[in-house]
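The structure appears below as C-alpha cells.
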Protein chains: 2
Amino acid sequence: MSGKGITKRSENYSDWYNELVVRANLADYAPVRGCMVIKPHGYAIWEAIQRALDDMFKDTGHQNAYFPLLIPESFLQKEAQHVEGFAPQCAVVTHGGGKKLEEPLYIRPTSETVIWNMYAKWIQSWRDLPILINQWANVVRWEMRTRLFLRTMEFLWQEGHTAHATYDEAERESLTILEIYRKLCEDWLAVPVLVGLKSENEKFAGADHTYCIEAMTQDLRAIQAGTSHHLGQNFAKAFDVTFQDKEGKLDYVWATSWGVSTRLVGTLVMAHSDDQGLVLPPRVAPVQVVIIPIGRDEQREKTVGAAEKMALDLKQAGWDGGRARVHVDSREKESPGFKFNHWELHGACVRIELGPRDLEAGTCVVTRRDVGQKHTVSLEEVVGFVGHELTSMQSALFERALDLRRANTRRVDTWAEFEAIFEGEGGAGFVMAHWDGTTETELAISDKTKATIRCIPLTPLDPSDDEPGACVFSGQPSARRVAFAKAY
Amino acid sequence: MSGKGITKRSENYSDWYNELVVRANLADYAPVRGCMVIKPHGYAIWEAIQRALDDMFKDTGHQNAYFPLLIPESFLQKEAQHVEGFAPQCAVVTHGGGKKLEEPLYIRPTSETVIWNMYAKWIQSWRDLPILINQWANVVRWEMRTRLFLRTMEFLWQEGHTAHATYDEAERESLTILEIYRKLCEDWLAVPVLVGLKSENEKFAGADHTYCIEAMTQDLRAIQAGTSHHLGQNFAKAFDVTFQDKEGKLDYVWATSWGVSTRLVGTLVMAHSDDQGLVLPPRVAPVQVVIIPIGRDEQREKTVGAAEKMALDLKQAGWDGGRARVHVDSREKESPGFKFNHWELHGACVRIELGPRDLEAGTCVVTRRDVGQKHTVSLEEVVGFVGHELTSMQSALFERALDLRRANTRRVDTWAEFEAIFEGEGGAGFVMAHWDGTTETELAISDKTKATIRCIPLTPLDPSDDEPGACVFSGQPSARRVAFAKAY
C-alpha cells in the first residue's frame, strides 16, 4: 500500500487502478450495476478532451447535431452484421407513459441506424453531400463486468457519421479522423498510439474496414483508444439511401463513422499515473498549478495574499494559448503535508509552496508532479518557470510512455517464443509477428495465448516490419508483421 | 403563404412555427413518435446557449459532472410528490443483455433521485458542503403531442443539483441561478422574462418552492423558459442525507435543483422570427454575417476573393469578445436571389452583397436581417459598420420584444373583463390580477379560461402591482397581483 492507502502498481495493477479512480475523485460506482458516476474531477478531464476534439472536428468542416436516444427495434434489424453485433448488448424499453409499447425501443448502442434513416430523408443529390456530422452523446451497451471508464454499461462519447459521393472521399474522411485521434492521444493525452487497420475479425459490425489507434498501459496491455470506420455502402443499402450524381446517375451513398469515448480518461490514468496518485498531462489536467500558502495567523494572511496574486499572474500569463488552470489551496484546517498528499493524489501538475520565510527571501518552492524535485525559484521568475515546467512535463510524459512502448515491443518469429511471451495472466507488451491473414489462424492464436491482433500498422514501427515473412503460427506466407497484444 | 412557402404568422401561428423550424433546418421529426433530431443549424444555437450558461455557472463556483441515465424503479418511489409527478411520464427498461431485469429501470425524467442517492455517500460533514454540481444531459418524459423544441419526449438540458448546510444558503443559490437564467434570456436571447415564484399548484414535484422565468411569444402566450427549485430537506430526508455541522450536530442537508432545456431554442424562434424566416439575436446566431459575392466567370473570381478577404477581416476583428461567425456563400450554381432567400430563412444577422460594380466603387451593400434596409458602405469602414449593426440588432430585438410585452400586459380587476380577455383559442398576453392565494381559486380560473398563474413576480412590473386588492375571481383579499396567461 502506498502512503494514500492505494494498492501499489507492482502488487496488483488492477486494484491500483480501481482504487485510484475512486480515491482521486474521478468517478464512483452508480447504484445500477455496470454504471458509473463521473465526478467533477474526472469530468473536467473529459471536458478538456471534448474541447480539443471539437475544435479539430470543426476545423475540418464538421458540425454537431443530436439524434434520438431511442431506436425502433426494426431499425437495428436492417443491417445484418450490425444487428448480430449489437442487438444482444441492448437495453430495451418496453413500456412508456404507463403503457406497453407496440414496438420495443432500443437505447442506442451506437447511432448508425437512426442516423441513416434520417439521411435517407435528407439526401437526394450530390448537392446534399458530403454530410459531416458529429454528436456528443451517451450510449448503453449491456455490461456487468464494470471497470470505471474502461468498461461500463453507459458511457459518453462522440460519434461522427458522414455521407459521401465516392469511396475515395469516404476513405479520406476516415483517415482524416484517424489522424485527429492520433493527435489527440499523442499531443494532448501524451499517450503514444499504434495507428492501423483492424483485421476482418475485429472490425466494426457493419463496416467495410475499421481503422484504430492502440495505446499501451503500464501493465503492458493494449487498449483501444479510438476507431474510425469506412462503412462502404452497407448502411446506404440497408436504409436505401441513394443520390443523383452530377451526370444524373443514381448511386448508393458512401459512409464513415468514428468515435472515442470516456474510456480515454481511463487510458490516460493507466498510461501515466503512479503509486502516489494521478499524473496528468498539463493540457488536460483540471489543475495545472496548485499554490499552497503556508503559515498561521498573520503569516497566513500574508502568504494567502501573495498566493492569490501569484495565481492571478499565472492565469493571466496563461499557458498553451489559454488561461492557466490555477488553484490556491488556502484551507485553514488542513496541514501542508495533508495538502501535498491531496494534490499528488489528484494530479496537480505543478505545486508551489509559499511560506513566510520564502516570502521574505522573495522566493517560492516549485515541484513538478512527475519528477518530484524541488526548485527554489524567485517570485519574479516563477511565472516563466512554471510555464516552462508545464511544457516540459507535457513532452516528458509522452517520451516516458514512448520509451515504455519501445522497451516492450518485440519482434517474434517462432511459435515457441510467441507462446512463452504471452504465458501467464499479465500483459506482455506488443509483439510484432507475421500472420497469414486468415481469421482461422487469428482465432487459433487468441485461443491459445489470449493475445489478439490489435492492428495492422499503417506505417511500420520499424521498416523491417513491412517485409514479407512466414506466419508465426501456420508458417504460411505473410506480407508484413502485425501487432499482437493482450488487451483491455 | 410567404415567399418561402411558410404559412404566415397572421394566418396560423402554430403552422408558421412548425414549418419554419423544419424549413430553416433547425430540427426534424425522428422516427419514434415524440422525438426530434436537432440538425446542425439548430444545434449551433444550443451550443451558443451552452457556452454562455456554462461560463456563468463556472464563474459562480459550479462544476460539471455526469450521473447515469438509468434509475432503479425503487429510487423514484422514495419522494412521495416526486414519484406521483414523474413516474407516469417515464420510459421503462425491462430487458437488458437479452434477459428480463429483476427490477425495471427508468430512463431519467430528471435526476434528483439518482443524484441524492450518491450525495448520501459523499456527504458526512459540513466540510463536504456546499456541493455545486451541474450536468448537461438528455432526459425522457413520455409525450405524444410533439412540437419541435417546445414539447418532445426526449430533450437536452442542463440540470443543477446543489447541497447546502442551511436553508438560507440554498435560498441564495436558487436566486443566484434564477438571475443567471434571466441574464441568459435577456442579454443573450434578447427575450425579456418575468421573474417570479410559482404557485403551490405549479411548483416542481418535490420542491419546497419553485422560481421561474416566463417569456411571451408573438402570439401572446406565456412560455416557461427556466426553473430554479428550493427543494428544502425533502430529498435529503427521502435519501437520508445528513451532515455533521461545525458544532457536531446532525442535520438534513438543504437542496436546490434547476434547469433550462432545448426548449429555449423554440422560445427564441417564437420571440423574434418573422414570415421570411428566422430572426436570431447575434450573440447566439450560428451565422452572424453572410457575405454573398456576385458575378460570373472572371468577375466572380474577383468578388469571391474580396469576400474571403473581408470574411477574414471580420473574423479577426471579432465581435462581443470572440471571433465573429462569418460565412461566404460562394456557391456557383445558385443565384443571388436564391441566396438572399436562403439566408433570410436561416437567420443570418447581417448580409453583405459584393458585386463587381461595388468592388470598383470600393463599396458593398449591407443589410440587417431585422430591419431590411440596405446601406452602401465603403470597404474600409465595413468591419466597424458590421460590428455596430450586430450590437444594435442585439438590443433592438430585446427592445422590440419588450415593447410587445408592455403592449400586451394588462391590469384587470373584474371577472367579466378577465373572462372576456381570455375568450377564444388564442393567447392574450399577460394579465396582472389579484388572486386570493388558494389552489381552489387558481384551478377554478384555469378551468374557466385556460389561463394559468405563470408566476408571482419577485419585482413588480409596475409598483402598483405590489399593492393589496381583492381577488379577481373570489373577491377575497390579495396581497399583490400575479401574472396570468395562456401558456405553451
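The values are calculated or read from the model by the stated rules, or taken from the named source; none is laboratory data. The shown structure was predicted, so the numbers you read here are calculated from the model rather than taken from an experiment. We place every Cβ from the backbone using ideal geometry, glycine too, and count neighbours over all the protein chains shown. For accessibility, only protein heavy atoms count, side chains too; no ligands or nucleic acids. Shrake-Rupley method; radii C 1.70, N 1.55, O 1.52, S 1.80 Å.
Observations, loosely collected:
- Dividing the alpha-carbon radius of gyration of chain A by the rule-of-thumb value 2.2 N^0.38 Å gives 1.09.
- What the Kirkwood sum gives for the stretch B:1-149 is a hydrodynamic radius of 18.8 Å, with every pair of different alpha carbons counted.
- FRET efficiency estimate (nearest 0.05) - Cβ-Cβ, B:Lys183 to A:Glu381, R0 45 angstrom: 0.65
- Between A:Leu250 and A:Gln299, full extension at 0.36 nm per residue minus the direct alpha carbon distance yields a gain of 9.7 nm.
- Sites A:Ala317 and A:Asp15, calculated FRET efficiency, Cβ-Cβ separation with R0 41 Å, nearest 0.05: 0.50
- Working from Cα pairs under 8 Å separated by at least six residues, relative contact order for the stretch B:76-145 is 34 percent.
- Each Cα pair under 8 Å and six or more residues apart adds its sequence gap; the mean of these over the residue count of chain A is a relative contact order of 14 percent.
- Partner shielding of A:31-43 amounts to 6, given as the average count of beta-carbon atoms from other chains within 10 Å of each residue beta-carbon.
- Cα coordinate range in the stretch A:13-272, projected on the principal axes (Å, largest first): 61, 49, 32
- A Cβ-based charge dipole, computed about the Cα centre of the stretch B:115-184 with Lys and Arg at +1 and Asp and Glu at -1, lands at about 340 debye.
- The stretch A:289-389: proportion of alpha-carbon pairs further apart than 24 angstrom, %: 14
- Between B:Arg357 and A:Glu102, the distance separating the two model label sites (each 7 Å from Cα on the Cα→Cβ line) works out to 6.0 nm.
- The magnitude of the dipole of the stretch A:289-389, with charges of +1 and -1 set on the Cβ of Lys/Arg and Asp/Glu and taken from the Cα centre, is near 240 debye.
- Charge dipole (chain B, unit charges on Cβ, about Cα centre) - positive-most of B:Ala348, B:Leu461, B:Ser111: B:Ala348
- Summary of the geometry: the stretch A:345-360 and the stretch B:365-424, compared by the centres of their Cα atoms, lie 54 Å apart.
- Debye intensity ratio in log₁₀ form over the Cα atoms of the protein assembly as shown, taken at each q of 0.08 Å⁻¹: -0.89
- Averaged over the residues of A:130-137, the number of partner chain Cβ atoms lying within 10 Å of the residue Cβ comes to 2.
- Rounded to the nearest 20 debye, the dipole magnitude of chain A is 1140 debye, with +1 charges on Lys and Arg beta carbons, -1 on Asp and Glu beta carbons, and the Cα centre as origin.
- For the stretch A:177-301, the alpha carbon convex hull comes to 167 Å³ per residue, rounded to a whole number.
- Per DSSP, loop trypsin sites (Lys or Arg not before Pro) in the stretch A:223-311 with at most 10 further Cβ within 10 Å: A:Lys246, A:Lys249, A:Arg296
- Euclidean distance between Cα centres, the stretch A:144-171 to the stretch B:97-168, Å: 25
- FRET efficiency, A:Lys237 to B:Tyr167 (Cβ-Cβ, R0 41 Å, nearest 0.05): 0.10
- Probe 1.4 Å, protein heavy atoms only - accessible area per residue of the stretch B:161-305 in square angstrom: 31
- When a 1.4 Å probe is rolled over the protein heavy atoms, the share of accessible surface on the protein assembly as shown that falls to carbon and sulfur comes to 47 percent.
- Residue-averaged [θ]222 nm for chain A, counting only DSSP H segments that reach four residues, each worth -39500 (n - 2.57): -10500 deg cm²/dmol
- The three principal axes of the C-alpha atoms in the stretch B:409-485 carry coordinate ranges of 31, 23, 19 Å, sorted with the longest axis first.
- Relative compactness, the stretch B:399-454, computed as alpha-carbon Rg over 2.2 N^0.38 Å: 1.18
- Minimum 20 Å² accessible area buried by the other protein chains, the stretch B:85-104 residues, probe 1.4 Å, relative to alone: B:Pro88, B:Val92, B:Val93, B:Thr94, B:His95, B:Gly96, B:Gly97
- For B:Glu247, inter-copy label distances in nm, listed shortest first [label point 7 Å out on the Cα-Cβ vector]: 8.8
- Reduced Cα scattering model of the stretch A:299-345, Debye log10 I(q)/I(0), q = 0.25, 0.28, 0.32 Å⁻¹: -0.95, -1.01, -1.08
- Average 1/r across all pairs of distinct alpha carbons in the stretch B:88-203, invert it, and you get the Kirkwood radius: 17.4 Å.
- Stokes-Einstein diffusion for the stretch A:1-82 at 20 °C, viscosity 1.002 mPa s, with a Kirkwood radius from C-alpha pairs, works out to 128 µm²/s.
- Solvent-accessible area buried by B and A, counting both chains, probe 1.4 angstrom, square angstrom: 4200
- You can think of it this way: the chain between A:Ser74 and A:Ser335 has 87.9 nm of extra reach, that is 0.36 nm per residue less the Cα-Cα gap.
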